[in-house]
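Data first, discussion second: the structure below is written as structure tokens.
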Amino acid sequence: MAAVYKSLSKSSTAKADKDTDGSNGAVERKNKQRVLILSSRGVTYRHRHLLNDLATMLPHGRKDVKFDSKSKLYQLNELAELYNCNNVLFFEARKGKDLYMWLSKVPNGPTIKFHAQNLHTMEELHFTGNCLKGSRPILSFDGAFETEPHLRVIKEVFMHIFGVPQGARKSKPFIDHVMGFTVADGKIWIRNYEVREVEKVKGDDKDAADEGNKNKGRKSKGSDDNTDVSLVEIGPRFVLTPIVIQEGAFGGPIIYENKRFISPNQVRSDLRKAKAGRHNVRVEQQRDTLARRRALGLVDGENKDRSELDTRELFA
């Protein structure tokens, strides 16, 4: 009861302060985003390490244990509501090889299903870049995201999931890395870079200094001539192929479907059929060769070792 009284008293005092300041009572809008991060059963070590890397990059995320079911994904809505999350990042593993990523806005949708390829985690890349844990990223999107409607939907979902809101849980008030999203060949390539600032050594290049003095008046107030800004890749890196976009959260009608997507099961099946087809061609060639030899009478040489009392000669 004391806690309730304290919260009510704080709200009343804050409202009184706003009224005394002469404000119109407009409440500042706060971006509240929380992401539920979890995976299904059957993920490999690489999938697990990628999930851990993403969970480290998202301080406003809530990591949960593995989800048992692969067919009843609508249960994730209740799980997200239980943890007070309005975004879900779900890793679905198939046959211990394929990884599908589900990105959903709970509870109204939409839901996007991706096929993840070319996975590389931080541990195996050994990049020299590094950033502060819990810092906020700058999201850099390719201009192609504004060309098609489904790419605009994907961009908005990426902004809600990978964009760390200001003052989020476990976040630091620093922006020191950039997440790049690029569209190429119908796929989305995701990279992560550190924003590195290095101080210049004085007296290295006099010409550069003279040119800087000439352009000094044209530069903005916030520019700093003594530092070099560069991007150094951190990791992880992966490629996402959009498959379908559903209107609801893990359900509802399909508003976009990628007709060019070929499932990895179909690719493996085609490879097996191609190998089996080569074997069948060789067998048919041997059968045709034997039939031609018999038609030409060249197979009689096989009967030289047979005697007249052989069963195959008596009962031919």
- Long-range HN-HN contacts of Gly248 with modeled amide H, under 5 Å: Thr111
- Over 28 Å (Cα to Cα) - which of Lys66/Lys97; Lys70/Lys155; Lys72/Lys97; Lys66/Lys259 fall in this group: Lys66/Lys259
- Message: Check which residues have an amide H placed less than 5 Å from Leu36's amide H, if you skip close sequence neighbours.
- Response: Arg62, Asn87, Val88, Leu89
- Provide the gained length on full extension for the span Ala291 to Glu257, in nm with one decimal, where the gain is 0.36 nm per separating residue minus the Cα-Cα distance. 7.1 nm
- Message: Using the Karplus curve 6.51 cos²θ - 1.76 cosθ + 1.60 with θ = phi - 60°, what ³J(HN,Hα) values do you get for each residue of the stretch 67-83, in whole Hz, with x for Gly and Pro?
- Response: 9, 6, 7, 10, 9, 9, 6, 5, 5, 5, 5, 5, 5, 5, 5, 5, 8
- What list of ³J(HN,Hα) couplings, whole Hz, do you get for the stretch 158-164 from phi and the Karplus terms 6.51, -1.76, 1.60, once you set θ to phi - 60° and write x for glycine and proline? 4, 5, 6, 8, 8, x, 7
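Pairs to check: Lys113/Lys275; Lys30/Lys113; Lys113/Lys172; Lys30/Lys105. Give those whose C-alpha atoms are more than 24 Å from each other in this structure. Mind showing how you got there, number by number?
Values: Lys113/Lys275 31 Å; Lys30/Lys113 28 Å; Lys113/Lys172 30 Å; Lys30/Lys105 18 Å.
Where the Cα-Cα span goes over 24 Å, the pairs concerned are Lys113/Lys275; Lys30/Lys113; Lys113/Lys172.
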- Can you pull the one-decimal nm distance between simple spin-label points at Phe174 and Lys30, each 7 Å off the Cα toward Cβ? 2.4 nm
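Of the listed peptides 140-153, 232-245, 274-287, what is their order by residue-averaged count of other C-beta atoms within 10 Å, with the highest listed first?
Working: 140-153: 13.9, 232-245: 19.4, 274-287: 9.7.
Top of the packing list down: 232-245, 140-153, 274-287.
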- Task: Would you please give the residues with an amide H less than 5 Å from that of Asn192, counting only those at least 5 places away or on a separate chain, with H modeled from the backbone geometry?
- Result: Gly180, Ile234, Gly235
- Note on the structure: Taking the stretch 78-144, the equivalent ellipsoid from its C-alpha gyration tensor has semi-axes in Å, biggest first, of 25, 19, 15
- Item | Karplus 3J(HN,Hα) series, Hz, for the stretch 257-272 with 6.51 cos²θ - 1.76 cosθ + 1.60 (x for Gly, Pro) | 9, 7, 6, 8, 6, 10, 5, x, 4, 5, 5, 5, 5, 5, 5, 5
- Distance between Cα centroids, the stretch 240-272 to the stretch 156-184: provide it in whole Å. 26 Å
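Applying a 10 Å radius around every beta-carbon, put 181-193, 80-92, 62-74 in order of their mean neighbour count, most first. Intermediate values should be presented prior to the final figure.
Numbers: 181-193: 16.7, 80-92: 18.8, 62-74: 13.2.
Result, highest mean first: 80-92, 181-193, 62-74.
Readers should treat all values here as calculations from the given coordinates under stated rules, not as data from a laboratory. As the structure is a prediction and not an experimental result, all values here were calculated from the model. Here Cβ is always computed from backbone atoms with ideal geometry, including for glycine, and neighbour counts include all displayed protein chains.
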